[in-house]
1. In this structure, does residue 123 turn out to be within 17 Å of residue 35 (Cβ to Cβ), touching a residue at least 40 places away in the same chain (Cβ under 8 Å), in contact with a His (Cβ under 9 Å, 6 or more places away or on another chain) and hydrophobic (A, V, I, L, M, F, W, C)?
2. When you go through 39, 89 one by one, which is the residue that is out of contact with any helix residue (DSSP H, G or I) (no Cβ under 7 Å at 6 or more places or on another chain), at pLDDT 95 or above and either among the charged types (D, E, K, R) or not in a strand (DSSP E or B) (or both)?
3. Suppose we filter the range 56-85 for residues that are in contact with a Gly (Cβ under 8 Å, 6 or more places away or on another chain), surrounded by fewer than 16 Cβ atoms within 10 Å (Cβ to Cβ) and of a type in the set (A, V, I, L, M, F, W, C); how many remain?
4. Taking the residues in the range 19-30 that are surrounded by fewer than 18 Cβ atoms within 10 Å (Cβ to Cβ) and in contact with a strand residue (DSSP E or B) (Cβ under 8 Å, 6 or more places away or on another chain) as candidates, determine which candidate is modelled with the highest pLDDT.
5. Given (1) closer than 14 Å to residue 30 by Cβ; (2) outside any strand (DSSP E or B); (3) not basic (Lys, Arg), where does residue 100 come up short, assuming only one miss?
6. Surrounded by fewer than 20 Cβ atoms within 10 Å (Cβ to Cβ), without any contact (Cβ under 8 Å) to a residue 40 or more places away in the chain and either closer than 23 Å to residue 27 by Cβ or out of contact with any Asp or Glu (no Cβ under 6 Å at 6 or more places or on another chain) (or both): does that describe residue 43?
Amino acid sequence: MLTRAVLSAMTALLFGSLTLGGVHAADELVKANLTACPSDKTVLGGVNACGKIWKLASGDAVIAKDGTTHVDLKGLVLNDASVGQFNGSPDGVDAVAVALVCGGTVVAQSDPVLLSKEGNAVVNAKLAVPQTCASPMVLVRERYEGKIGGWLAATK
């Protein structure tokens, strides 16, 4: 027979503590799917778009109000015939950084995380989130030749 304490604990786990990536739903600042950069020169948060067309098999981003960040990327690769043999790969992009945009400006950014040759990466970071964040958005930025550059994927 289950005691009242055990039943209470089970109820809390079932209904009150469901999380994604360690973030409680009520604490989420951003929870959205990512879409790849279409190479249409769209500037987001003051960050230039990618120079080529990219595709993303799947990607999602969660940032909590306390800055706990989880971004999962699968298949972030070039989808641009103009790059020849490098099409279908990240080419020279060896890592990605996650940027939080509030009110149209990048306010926080993670350290770069390696991007596999298949375009896969998982970013777990703690960002310095401002107390208020109007219209939050997540950008996945490239590291190319050692420098953080344009965005390759974003939430919208």
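The values are calculated or read from the model by the stated rules, or taken from the named source; none is laboratory data. As the structure is a computational prediction, the values presented were derived from the model and not from experiment. A quick note on method: Cβ atoms are made from the backbone with ideal geometry, for glycine too, and the neighbour counts reach across all protein chains shown.
1. The answer is yes for residue 123.
2. Within the list 39, 89, the selection yields 89.
3. Total satisfying the criteria: 1.
4. Per the stated criteria, the residue is 27.
5. So the condition that residue 100 fails would be (2).
6. yes
A quick yes/no check of all residues on (1) among the charged types (D, E, K, R); (2) surrounded by fewer than 16 Cβ atoms within 10 Å (Cβ to Cβ); (3) closer than 19 Å to residue 53 by Cβ; (4) touching an Asp or Glu at 6+ places or on another chain (Cβ under 9 Å):
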{"site": "89", "(1), (2), (3), (4)": "no, yes, yes, yes"}
{"site": "104", "(1), (2), (3), (4)": "no, yes, no, no"}
{"site": "117", "(1), (2), (3), (4)": "yes, yes, yes, no"}
{"site": "140", "(1), (2), (3), (4)": "no, no, yes, no"}
{"site": "151", "(1), (2), (3), (4)": "no, no, yes, yes"}
